[in-house]
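We did not get these values from a lab; they are worked out from the coordinates using the rules stated. Predicted model, so just to flag it, every value in this text is computed and none were measured. Methodologically, a virtual Cβ is constructed for each residue, glycine included, from the backbone with ideal geometry; neighbour enumeration extends over all protein chains shown.
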Amino acid sequence: MVLAAWLAQGLGPALDASSDVDKFLSFTVAGLSVAAILAVGASGLVLTYTTTGVFNFAHGAIGMLGAFAYWQLRFDWGWPAPLAIATVLFVLGPLFGALLELVIFRGLQQTTETVKLVVTVSLLFSLIGLANWVWDPDVLRRDAKFLSGRGFDVAGVAVTWHEFITIVVAVAVAAGLRVLLYHTRAGIAMRAAVDDRPLAALNGARPDRSSMLAWAIGSSLAALSGILFVGTISLAPAPMSLLIVNAYAAAMIGRLRSLPMTFVGALVLGLTEGYLRGYLSDWTDNNQYFDSTFVSAVPVIVLFVVLLVLPSARLRAHGTARTREVVPMPSMRGAFTFAAVVVAGTALAIPLLTTANAVTMGRMYGLAIVALALVPLIGLAGQVSLAHWSLAGIGAVTMAHLGTGGSPMGIVWAFVFTALVGALIALPTLRLSGIYLALATAAFAVFLDRWVFRLRPFDLPFTDVKIALFGTGSVGVPDLKLFGYTFDTYYRQLMLMATTFALMSVFVVWLRRSRFGRRLLAMKDSPAACATVGMNLTMTKLTIFAVSAGMAGIGGALIGSLQGSTNQQNWEFTVGLPVFMVAVVGGIQRVGGALFAGISLAVLAAMPDWPVLRNVSWFPNLATVTPGLMGIGLGRNPNGAVADMREAFEPLARARAVFLAFLAALGALYLYVVTSDVGAWWLIIGGVVLLLGATAFVQSRARGADTGAAGPQPMFAGDELEWVGIDRPFTPDDLAALDDRLGALEVR
Amino acid sequence: MAALDCSGVTVSFGGHLALDDVDVTAADGAVTGLIGPNGAGKTTLFNVVCGLLTPSRGVVSLGGRELNRLPPYKRARLGLARTFQRLELFGLLTVRENVLVAADVRGTMGAAEVEAVIERVGLAGRIDDRVDELPTGQARLVEIARALATRPRVLLLDEPASGLDERETDELGRLLRELAAEGMAVLLVEHDVRLVMEVCDLIHVLDFGRIIAVGDAATVRSDEAVLAAYLGGSLEAS
Ligand SMILES: Nc1ncnc2c1ncn2[C@@H]1O[C@H](COP(=O)(O)OP(=O)(O)OP(=O)(O)O)[C@@H](O)[C@H]1O
Ligand SMILES: [Mg+2]
């Protein structure tokens, strides 16, 4: 192999010079056609972003859906290509885009960046699930070039019609967008909405209509890029949806604003890819580490670099609206109680758990730990990371290699090593925030996916340390051994994970209550003010990124141990998205939100195996799509579902007698279920019934008390402050109440 | 030597000269005013002083030490504090916590002193309220308390009186005089001309990015160029 390359190189000059030129030209054409697809995809993205302020992470997934729809019409139903294309581009695509705008994105301008992010990421995830549901993933769909791949020769270079059409289409799109934006009323209204929505509305433009138009055109362009991709790759929902990450790089070169620069960006990226495919093996002497996986990682490297070098002032995102976000301040006592309930509850559950359920529950805590790692980072510090699942993967790999024989040093190294990687991501991205930070971390994760995690074993340069991340595909992860005690059954591992989660919860609460936690919350609201009171933001961000990454690493190491072995697919970017999404749905500011994420995801993953559902053929698909639907539907509440649940159940915890009675009944039920063989189900069902019953009882009692007391209330019990002092003298308490009511300054 | 010394500061935003060779000084133990019409460049100068913006030319020094290469947080640690015209509060935190964040950075104040500072700006009654619930005027006072918690040598105030009523404005004026009496250098940007004329020892007038007059209240009030910049109106009236 190497010999052949060496020979070819040596013979290079002797070969006919025109064949070198031909080779160059044919890779140029290939590069141009890649560039054309990227340009079409990226321009749709830029159009929706500039018009609506929503950066659509799902843009690629819409394109993927367009490609599948085209395939369905063209090949499954045998429609003529032009008709199929026209239907997708001019009917299905725009309708889908308009529908998205109407149902999901209308009104989303006013929310936090995190909410926008969760909604679009959830949409991405749902669409992937949907495509896998509708189109059997095992059917091979590939290589459907226009005109059956026929082509023609230009000066000796073979060009397929597909490539030719692709390039022509991109040029037409560029011209069309130009005309639309500068020479039509609708386009001018769209550009006005970019600058100032309220102002545009005042001037009689209809921003909602412009938004809908932008979503319709954006989706149509996404679908167009998807259809063009059909000629070069095989259709697979997840990878295809992520191809758009390549277009993100082009869009970012256009700074998400300039269409011409976006096209230039696409051109650079496309040609780079074309030439790398042609020449990289020559340039690196066929180095096996710089193979096609590296070429596919190049666009994300470019994305990362572009994000880093963009001038920071330009990266001020669209103005973020203030929403009533609440970050609770739990007491340490509450934290210890929570931890004790988690550990004791798990211990009590063990006699009732089958092995499979123990694994599910262990996985639940593993996911909860990774979600918990996001709480201080996103919830407190306001720094988004989409790379945490990949970091957990690094933790798992570290445990596999450095935890030999179950050494606890594996866990320690998992923490240290992922913390270092976390700091490494944070260091260049310190300037970035919001969507840009999300993109940079996503780029990092996809970079690991596409290249690093697939690397064949290698020697660390200048040492003889051998690195074999996932070995030859899958690598065993040992069970932890602590003080001579091995966590070698699923039950023991479950206890280990529950305890770890409990301890980490206490840590996160402690962090929230500490000075450092206060500092993080301050930074979330105003980095500028933090700097001007003397805070070193660099250190603060690095620290929290490292700590959070380290926590995710421990989670990954434990998940790896529980699985017994781990591979690259376990830690793919898209696999980890639900953790982020559902943690935000649960409440990213609270420990309970992380547990919510763990429970939801683990239960959803296990449900298809439940006896009642085992024969429901569509259920696995529904379970896959559900986290996405949760993110779209519930991700809007910035305080999370757990906050609402807490509110609902708080009265019960307050009503001492009823609460104790509830606990006693629950205990009795538990004892009955453990000692008889009615099955653990009854505990869950009975527990829920008891909980709802007790809550309803407390509520109805409270309502009764309200109406009972309404009659003979004292005059100035609450709202009648103005009467105080008239029908009785002021007391100091009354004065304080008055001050408080009026929000008055103390007057001296 | 002046506590704060800006000389030859020039900033341009894409060809538009926001500051053009501006010299401003603020002395220890004095309240220095910086006034000028909207868009004159006052806030821009503050951003340059505290390091959020890099000037294309000019030198800023604090107690004789040149600051130009220092990041904002290091300038703060040398004794520079500011408030923001467009409020930059820590909205998720209470009044007390906002001030504590600043006090804790270098341990400049303990909990009791933090309470005292909050009382001093007149917010004792709202000490445990979340700041995003406060009206603008009071929110500005939180910014002042937060700045004071770092025990600054130089305090930059960007329109602290907007949102305050007349009585509160008088309280603020008294506070600024007190701070100066304690030795602090206060640089005040303010549209409330009455307040500026009352409390400032020295006033700089900025117009279209240039300093057009420097002097005490009487001097500035009668300056031709200043009168022209303000179209004669508001200065006479006050
Ligand atoms: N980031 C920026 N980019 C471009 N121009 C800017 C920027 N910041 C300020 N300007 C411009 O610089 C000039 C000075 O602005 P500055 O905010 O300093 O004025 P000001 O004196 O504080 O006004 P005001 O009294 O309204 O607060 C204005 O013309 C403003 O439009
Ligand atoms: Mg200003």
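Placing a label point 7 Å from the Cα of A:T538 along the Cα-to-Cβ line, the residues of the stretch A:399-429 whose backbone N sits under 19 Å from it are A:420-429.
Listed by Cβ neighbour count within 10 Å, with the fewest neighbours leading, A:Y491, A:Y485 appear as A:Y485, A:Y491. About its Cα centre, the protein assembly as shown has a charge dipole of approximately 1860 debye under the convention of +1 per Lys or Arg Cβ and -1 per Asp or Glu Cβ, with nothing else charged.
Rg of the Cα atoms in the stretch B:1-61, relative to 2.2 N^0.38 Å, amounts to 1.09. Tell me, how many Å apart are the Cα centres for the stretch A:215-246 and for the stretch B:130-152? Cα centres, the stretch A:215-246 to the stretch B:130-152: 50 Å. For chain A, the relative contact order works out to 18 percent when only alpha carbon pairs closer than 8 Å and six or more residues apart are counted.
Most exposed first by the Cβ proxy, i.e. fewest other Cβ within 10 Å, how do A:I435, A:I350, A:I684 rank?
The most exposed by this proxy come first: A:I684, A:I350, A:I435.
The A:A347 and A:E647 beta-carbon pair, evaluated with R₀ = 35 Å, returns a calculated FRET efficiency of approximately 0.75.
Note on chain A: Rg/Rh from Cα positions, Kirkwood definition for Rh, rounded to two decimals, is 1.02.
Taking the longest Cα principal axis of chain A as reference, the axis of helix A:490-513 is set at about 80 degrees.
What is the calculated FRET efficiency for B:R57 to A:V21, with r their C-beta to C-beta distance and R₀ = 51 Å, to the nearest 0.05?
Efficiency, rounded to the nearest 0.05: 0.45.
Once the chain from A:V103 to A:S292 is taken as fully extended at 0.36 nm per residue, the excess over their C-alpha distance is 64.0 nm. Residues within the reach of a label modelled at A:S514 (point 7 angstrom out along Cα to beta-carbon, backbone nitrogen below 17 Å), restricted to the stretch A:577-602, are A:591.
For chain A, the longest principal axis of the C-alpha atoms and the axis of helix A:641-654 are separated by about 10°. For chain A, the longest principal axis of the Cα atoms and the long axis of helix A:59-71 meet at an angle of about 60 degrees.
Using C-alpha pairs under 8 Å with a sequence gap of at least 6, the mean separation divided by the residue count of the stretch A:36-309 gives a relative contact order of 36 percent. A Förster radius of 22 Å combined with the Cβ-Cβ distance from A:M329 to A:F659 puts the calculated FRET efficiency at roughly 0.45.
Shape class for the stretch A:332-574: oblate, because the ratio a/c of the largest to smallest gyration tensor axis (alpha-carbon atoms, square roots of eigenvalues) is 1.5 or more and b/c is at least a/b. Counting beta carbons within 10 Å around each of A:L271, A:L377, A:L482 and listing the fewest first gives the order A:L482, A:L271, A:L377. A simple rule links phi to the HN-Hα coupling: the Karplus curve 6.51 cos²θ - 1.76 cosθ + 1.60 with θ = phi - 60°, which for the stretch B:111-121 gives 4, 5, 5, 4, 4, 5, 5, 5, 5, 4, 7 Hz, with x for Gly and Pro.
Partner shielding of A:514-520 amounts to 3, given as the average count of beta-carbon atoms from other chains within 10 Å of each residue beta-carbon.
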